[in-house]
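Q: Before I ask anything, let me first share the structure, which is written out below as structure tokens.
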Amino acid sequence: MDGRPRRLGRECRQLDREDNCAMSMTTPQNAPRRQYGLLAVAFILLLLGGVLIYLGSHNFAIRAIGVGVVMAGAYLINVRSRSVAPLPNYEAKDRRVTRGLWIASLSLVPILAGAWYLVQLDFANGGKEIWPLNLAFGVVLVCAVVWSLLVAKTLGRGRRGQ
């Protein structure tokens, strides 16, 4: 910096080339390029990890390697999306709670109660089946995702301007 104040906006556009105004422009030459090779490697890793988890259902070492491969594939997808996609422009309409989200949230309550009832019924009969626990775990995961989205959108109103 040479001691001159930085100019922004319209003032910067009106300046000539000698008076650099420190604005960066994205042109097609320096725009981020899509990395399809990285995406292909990530999907191959995800598929390989899923196969290892399935085949290693009775072997802890193979299952652990499968989980590690899945995590590596997910990391590569995350790296790819961070390097290519610009930051999203969240507007007020994106944070609005829609009627569909309310309906989904409320409809999950009886589904969760039914899954809990199946688990209790299985435990009362000796707990010999595993599928009620798997069902209840899946329902709890879906409830956690939908309800956290509902809470985030409900409590996120009006915080953008502060």
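Q: Given R₀ = 22 Å, FRET efficiency for Trp147-Val67 by Cβ-Cβ distance, to 0.05?
A: It comes to 0.25.
Q: FRET efficiency for Ile44 and Leu121, Cβ-Cβ distance as r, R0 = 41 Å, nearest 0.05?
A: FRET efficiency, Ile44 to Leu121: 0.45.
Read the figures in this text as sums done on the coordinates, not as results from a lab. Keep in mind that what you see is a predicted model, and the values were worked out from it rather than measured. When we count neighbours, we look across all protein chains shown, and the Cβ atoms used for this are built from the backbone with ideal geometry, even at glycine.
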